[in-house]
1. Using only alpha carbon pairs under 8 Å that are at least six residues apart, calculate the relative contact order of the stretch 236-282 and give it in whole percent.
2. Take the Cβ-Cβ distance between Lys168 and Lys317 as r, set R0 to 22 Å, and report the resulting FRET efficiency rounded to the nearest 0.05.
3. What's the extension gain from Leu216 to Gln107 if we count 0.36 nm per residue and subtract their Cα-Cα distance?
4. Between Glu297 and Asp55, what is 0.36 nm times their sequence separation minus the Cα-Cα distance? Round to one decimal in nm.
5. Compute the distance in nm between two label points, each set 7 Å from the Cα along the Cα-to-Cβ direction, one at Thr82 and one at Thr206.
6. How large is the Kirkwood hydrodynamic radius of the stretch 236-282, counting all unique pairs of alpha carbons, in Å?
7. Of Lys291/Lys413; Lys285/Lys383; Lys88/Lys180; Lys243/Lys372; Lys168/Lys239; Lys88/Lys318, which pairs sit farther than 32 Å apart, going by alpha carbon to alpha carbon?
8. At 37 °C and 0.692 mPa s, grab the translational diffusion coefficient of the stretch 148-218 from Stokes-Einstein with a Kirkwood Rh over Cα pairs, rounded to a whole number in µm² per second.
Amino acid sequence: MENELINAQESDELKPSTDTLLVLNIHTNQVEMVKGVDKDGNLQKVPPQEKKDNDPLISVDKHGDVFSNFFSNFYRQLKNPTHFNFFKVSEYDAVNTAQDLQKYIDQASPEEKEKLKDYEVLPQHNNNPKNQNTMDNNTDNQEYRFQPEQIDWKTMEKFGLNQEKLEKMNAMDSLLRGFKTNTLIPITINLGTAVSKMDVRLSLQTGDTGQVAVHLHGIRKEPSLNNKFLGHQFTDEDKKNLKETGNMGRVVDLVNPKTDEIIPSVISRDRLTNELVAYRAEYMKIPDEIKGIRLDEHQKQTLLEGGPLYLEGMTSKKGEPFNATVQFNADKRYVEFLFNNNQNQQQSQQHHHNQQQTQTTDQEAPKVFRGKELDDSQYEKFKAGQTVYVDGLTDAKGKAYQGYITFNKETSKTDFSFNHPNKLKEEAKPTEDHKTQTAVNTQGKTNEATKNLKEPLESKQQQPTNKQQEDQQKKVRKPRGRKL
C-alpha cells in the first residue's frame, strides 16, 4: 500500500494533467473522495464504491505553489478541518487508490497507520491546526495572505530594502501573513535633493485595483485622541485606557469613510508607533483556554466586548504559576497578556461593562445596562439591591443573551451573572428533611425526640432509628437526692 501511495503522489509521468483529493475521516476511518466544500463549511464527499462517471470530483493543479495556495484556501473553508486527513492522488486512478487505501486502513496496525502522515497533504504554513483554540495560537498559525513575488520590490528599493534584508530582520513572515512587521524597520528615503532616515513598521495591503502596495507606519509622538477616529469621539476613559494599556476596552461603532458602513469595532494603540488601529468585532477570535485556564461564557463575553480580564492560576511554559490580565488587541489581532501595569487588575475587577451604563452620581443605580433600559418595575427592585432578570441584551457579534444583574450599593457597581446569584445559596440551605440534622450536629441545638442519643444524627433523621437508640432515648436518669 505504501508503494501505491508513493506512486500516486510522486510519479508525475504517470499522472494526467489534474489531481484530486481523497479524505480520511479520523473518527470513522472511512476513506472517501472529495467533491468540494458547501457554503456552510461542510465537506462534500462520495464513497469510492458509489462514485458515478458523471460525479464531479474536485480538480486541483498538481504543481507546487498553485496547489499549496489552493489547498490552504480549501482547508480554511472547512468547518471541522482537524477531523480529516487529506491525500492528493491522480484523478484518473482515484477510485482504485481510495479502495486500496481503505483496505490498508482496515488492516494496518497503529504503527503502519502512522506512516500515512508522510503522504498526507497539509495547508501551507499551518501544520498545527489542532491548536487553533488556545492562547498560544496567535499570528503564528495564520495563513500566508501574500506571496513574495506580489511585493513591489522596486518601491522597496527606494527605501533601501530588499527581500534578503527583510528576511535577515525576520520581517518577511509577518508581512506575508498580512500583518505589520513585528519590529521597527530602518528605512532611507532618497528624494534627490534630500535624504531622510526613519524607523517605521511596514505592511502590505491590497489596493482597489488588486495590486499589493507597501504601507509605511511612522512613529508619532502621541496618538491623536482629541480628534474623531472613524466617526468615534474618545471619552476621557477611552483616552486613559489607550494611553495606559494600549487598548480602549470596549466595542464602538465606527464609520467606513468610503462606504459609510457602520462597523462595530475595537480600537488599540500601536505601542511602537502610537498609531490608532481598529479591528472588526465580528472577526475577533477568543480562545477556549488560556495557559491552562478554561474560560467560561461570561469570561469570553468580557473579552469579546473588548474588556480586560484578570486571570489567576495560569501556568507558564516553564510550568510556573502566574496571574495576569488578558485583553484583545486590535493591532495584534489576538488576546494578549498585559504585564507590569498597576491598574490592570483594578480595571478588570471594575469591568468595562460599567462604561456603558449611565450614572448620574456615584451612588445612584444606573437605569441603563449594556444599552438595555430597565422598566420602572425592574429599576425599583434593582435600585433597592434586588436581583433583576434582563433579556434582550446583544453581544459584540449581534447575538442575543440574557442574565441577572444586582446593584452593589457599597461599590456602586453592577454585578452580572448568567445564573441567578442566589440560586446556589438557596440550594446550599438545608431542606426541611435536613433541618433537624443540621441543628443538632452543627448548631448544637437539642431535639426532644433524640436528645439522649449518643451518636450524631444521620441525614433526614428526626427520630431514633433502631432499638438501641430507642433504649437510649427511653433511658432517663433518676434524680439524685441526699441520703437521710
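Read-outs: derived from the displayed coordinates by stated rules, not from any lab. Treat the numbers as computed from the prediction; the structure is a model and nothing was measured. For neighbour counting, all protein chains shown are included, and Cβ atoms are generated from backbone atoms with ideal geometry for every residue, glycine included.
1. The normalised contact order for the stretch 236-282 reaches 29 percent.
2. 0.25
3. Taking 0.36 nm per residue and subtracting the Cα distance, the gain is 33.5 nm.
4. Using 0.36 nm per residue and subtracting the Cα-Cα distance, I get 82.8 nm.
5. 2.8 nm
6. Kirkwood hydrodynamic radius for the stretch 236-282: 11.1 Å.
7. Beyond 32 Å between Cα atoms: Lys285/Lys383; Lys88/Lys180; Lys168/Lys239; Lys88/Lys318.
8. 263 µm²/s
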